[in-house]
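Chemist: Would you mind keeping the following structure in view while I ask a few things?
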There are 2 protein chains.
Amino acid sequence: MRGNLFAVAVNLVVLTVRSDRLHVLLIERGEPPFLGHWALPGGFVRPEEDLVHTASRRLGEETGADTGSAVCGHLEQLASYAAPDRDPRGRVLSVGYLALLPDMPEPTPGGGAAASAWCAVDDVPPLAFDHQRILADGVERAKSKLEYTTLAVSFCPDEFTVTDLRRVYEAVWETSLDPRNFQRKVTSTDGFLVPTTTLVTGGRGRPPRLFRRGPATALHPPMLRESHRAGNRQPAPHDTELHHSVE
Amino acid sequence: MRGNLFAVAVNLVVLTVRSDRLHVLLIERGEPPFLGHWALPGGFVRPEEDLVHTASRRLGEETGADTGSAVCGHLEQLASYAAPDRDPRGRVLSVGYLALLPDMPEPTPGGGAAASAWCAVDDVPPLAFDHQRILADGVERAKSKLEYTTLAVSFCPDEFTVTDLRRVYEAVWETSLDPRNFQRKVTSTDGFLVPTTTLVTGGRGRPPRLFRRGPATALHPPMLRESHRAGNRQPAPHDTELHHSVE
DNA sequence: GCAAAAGTGTTTTCCGTACACCCATGT
DNA sequence: ACATGGGTGTACGGAAAACACTTTTGC
């Protein structure tokens, strides 16, 4: 085994929807490097710990869930970042994780953070390390996964209305969707939503029905955002097109 | 910085289409652990080397391209694997990379491998470490990317016919596609294919036209494989559904 | 001529979009 | 009564599936 050893960290892109805008959980660093700067929450992987354990442990610490298992939500690996100069302390590889959560109370900082806050993704300050790129990758992943999966329900509490769900899509994609067609799409997709018998009274207008998430995870056919009419899209940030040469 | 240090390796899922079947490049390990077992090609990340550099360097070594830049193809990061017991030598994190290449001559082993060979993905022997999972993730990624990107051309040589391209889809998806609808779909998608003036003579039937890859990278609307009629799909192997609890 | 493969046209069907319309509640 | 938001019905258009048909070669 070679002697090129790395420290391995996990960084979390924790997304939620608050007041109809997509927000990300940021922490203010309480120790160098980048002391006082904003950053994504994260931490080093402990011995005998798997990556996803580190991620869910840190997620619990930052979002307030005491024990290991958190609220209804979603956690998936994003990508790894290991540019040689990304951390002034030395060679650190960071594995990005994407977490989608329903709206939560204000976070209480943990794991060496001086402060933590929900921040609208369009208003994020400059971030420490290469966290800006990790965040961008996470947001792009979330946007595209809403198209062909039922992951939007991960942003919703246990029971929610169709309008709640639509506002999730509108916040993440920053578009507006036709409420009537949206209603039909999600209620007619088998396994997406399970209706309850409860109606929500108290608001203006006809009381909406509450739904729970169904067993389906994929959406076929997908729900497309506006931008998808053109025949081109940028290659994903970490894709590498190998250069062309004579065979 | 904590003292939990990892060795960091890159492992490659190198895919190509030979004789109308999807193949993966395997090596026979020339050193312990797992000496004599089949495995994915890979290697440790050198100091000052970025992940993608390691991946493209090892790809060049194994597929015969002398210098850094390889043939036309595609290389992208898959995911990272770091279970504590995945390597008997100690704590090793492996970053999986997916490479798509046109059909190549038989490989010449490099980087400490005893042998190397193209192996049909349906006939792979048991692999060392957790390479079976990395391979499965890579194949699944390739299958799904053919749906909504133009990446299938990465499996084709510089110039190719529409039928060549269709055979790529059929091999990767293990389905058969209607040649006539396929033809219209790919030739009418703007930026997918650029026609040349050359016709290929010598075969039976009307000589087909040669095409080159176009500038488009995304396919909208996507090309769907058969299985996508049902409303469900398995969650991706590395996704984690957070358990549910009281808020 | 005949078989085989390339490529085009036509019909049907599905689905997304747009929008008219009805339903059920608060004020 | 009326405004407001929930929810349904319906017409239109674009694209995919299915398949008949023409084109162009080798034999």
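Chemist: State the antiparallel share, in %, of DSSP beta bridges confined to the protein assembly as shown, rounding to the nearest 5.
Modeler: 75
Chemist: What average number of partner chain Cβ atoms lie no more than 10 Å from the Cβ of the residues making up A:118-131?
Modeler: Mean partner shielding for this stretch: 0.
Chemist: Taking each residue in A:74-85, count the Cβ atoms of any other chain within 10 Å of its Cβ, then average. What number comes out?
Modeler: Partner-chain Cβ atoms within 10 Å, mean over residues of A:74-85: 6.
Chemist: What's the FRET efficiency of residue B:187 with residue A:31 using the Cβ-Cβ distance as r and R₀ = 60 Å, to the nearest 0.05?
Modeler: Using R0 = 60 Å, I get an efficiency of 0.55.
Chemist: Can you show me the helix-derived [θ] at 222 nm for chain B, built from DSSP H runs with n ≥ 4 at -39,500 (n - 2.57) apiece and divided by the number of residues, rounded to the nearest 500.
Modeler: Theoretical 222 nm ellipticity from helices: -7000 deg cm²/dmol.
Chemist: Go through B:217, B:128, B:112 and say which Cα lies farthest out towards the positive end of the charge dipole of chain B; charges sit on Cβ, +1 for Lys and Arg, -1 for Asp and Glu.
Modeler: With unit charges placed on the Cβ atoms, the residue in question is B:217.
Chemist: Separate question: On average, how much area does the Cα convex hull of the range B:149-225 cover when viewed from any direction, in nm²? Display every interim value, and only then the final one.
Modeler: On the way: hull surface 20.5 nm².
Computing the convex hull of the Cα atoms and averaging its projections yields 5.1 nm².
Chemist: Please compute the per residue accessible area over the range B:149-225 with all protein chains in place, 1.4 Å probe, rounded to a whole number of Å².
Modeler: The answer is 52 Å² per residue.
Chemist: If Lys and Arg each add +1 and Asp and Glu each add -1, what is the summed charge of the other residues whose beta carbon sits under 13 Å from the beta carbon of residue B:81?
Modeler: Values: positive: B:86, B:91, B:133; negative: A:50, B:85, B:87, B:130, B:137.
Every neighbour counted, the sum reads -2.
Chemist: To the nearest 10 degrees, how steep is helix B:162-173 against the longest Cα principal axis of chain B, on a 0 to 90 scale?
Modeler: That works out to roughly 40 degrees.
Chemist: Size of the dipole of the protein assembly as shown about the Cα centre, Lys and Arg at +1 and Asp and Glu at -1 on the beta carbon, nothing else charged, in debye to 20? Display every interim value, and only then the final one.
Modeler: Numbers: 54 positive and 62 negative charges, 283 e Å.
So the magnitude is around 1360 debye.
Chemist: Additional query: Report the one residue of A:11, A:79, A:101 whose Cα lies farthest in the direction of the positive end of the charge dipole of the range A:7-146 (charges on C-beta: Lys and Arg +1, Asp and Glu -1; origin at the Cα centre).
Modeler: With unit charges placed on the Cβ atoms, the residue in question is A:79.
Chemist: Just counting partner chain Cβ atoms within 10 Å, what average do the residues of peptide B:151-161 show around their Cβ?
Modeler: 1
Chemist: Sorted by packing (mean other beta-carbon atoms within 10 Å per residue), highest first, where do A:173-180, B:155-162, B:129-136, A:200-207 land?
Modeler: Ranking the peptides A:173-180, B:155-162, B:129-136, A:200-207 by packing returns B:129-136, B:155-162, A:173-180, A:200-207.
Chemist: Taking 4 °C and 1.567 mPa s as the conditions, I'd like the Stokes-Einstein D for the range B:7-145 in µm²/s, using the Kirkwood hydrodynamic radius from alpha carbon pairs.
Modeler: 87
Chemist: Distances from residue A:159 to the same residue in each other copy, label points 7 Å out along Cα→Cβ, in nm, shortest first?
Modeler: 6.7
Chemist: Now for a separate question. What is the local net charge at residue A:26, summed over the other residues whose Cβ is closer than 11 Å to its Cβ (Lys, Arg +1; Asp, Glu -1)?
Modeler: It works out to a net charge of -2.
Chemist: Given a 1.4 angstrom probe, I'd like the percentage of the accessible area of the protein assembly as shown that is carbon and sulfur, rounded to a whole number.
Modeler: 51
Chemist: Could I ask something else about it? At a 10 angstrom cut-off on C-beta neighbours, averaged per residue, how do the peptides B:186-194, A:137-145 rank from highest to lowest?
Modeler: For the peptides B:186-194, A:137-145, the packing ranking is A:137-145, B:186-194.
Chemist: Per residue, how much accessible area does the range A:7-146 have with a 1.4 Å probe, in Å²?
Modeler: 35
Chemist: I want the local charge near residue B:178. Using Cβ-Cβ distances under 10 Å, sum +1 for each Lys or Arg and -1 for each Asp or Glu among the other residues. Numbers along the way, then the final one.
Modeler: Details: positive: B:166, B:180, B:184, B:185; negative: none.
Once positives and negatives cancel, what remains is +4.
Chemist: Accessible area drop of at least 20 Å² (1.4 Å probe, protein heavy atoms): which residues of the range B:1-38 qualify, relative to the chain alone?
Modeler: B:1, B:2, B:4, B:5, B:6, B:7, B:8
Chemist: Round to the nearest 0.05 the FRET efficiency obtained for residue B:123 and residue A:83 when R0 = 35 Å and r is the Cβ-Cβ distance.
Modeler: Values: r = 38 Å, r/R0 = 1.08.
The pair residue B:123/residue A:83 has a calculated efficiency of 0.40.
Chemist: Then there's this: Please label the shape of the protein assembly as shown as rounded, prolate or oblate, based on the square roots a ≥ b ≥ c of the eigenvalues of the alpha-carbon gyration tensor (a/c under 1.5 means rounded; beyond that, a/b larger than b/c means prolate, else oblate).
Modeler: Oblate is the answer for the protein assembly as shown, as a/c is 1.5 or above yet b/c matches or exceeds a/b.
Chemist: Apply the Kirkwood formula to chain A: the hydrodynamic radius equals the inverse of the mean of 1/r over all pairs of different alpha-carbon atoms; give it in Å with one decimal.
Modeler: 19.7
Chemist: Mind checking how much accessible area A and B bury in total, 1.4 Å probe, in Å² rounded to 100?
Modeler: Heavy-atom accessible area buried at this interface is about 5800 Å².
The values are calculated or read from the model by the stated rules, or taken from the named source; none is laboratory data. Quantities reported herein were computed from a predicted structural model and do not represent experimental measurements. Heads up, the Cβs are rebuilt from the backbone with ideal geometry, glycines too, and the neighbour counts pull from every protein chain shown. Calculation scope for accessible area: heavy atoms of the full protein, side chains included, ligands and nucleic acids excluded. Shrake-Rupley method; radii C 1.70, N 1.55, O 1.52, S 1.80 Å.
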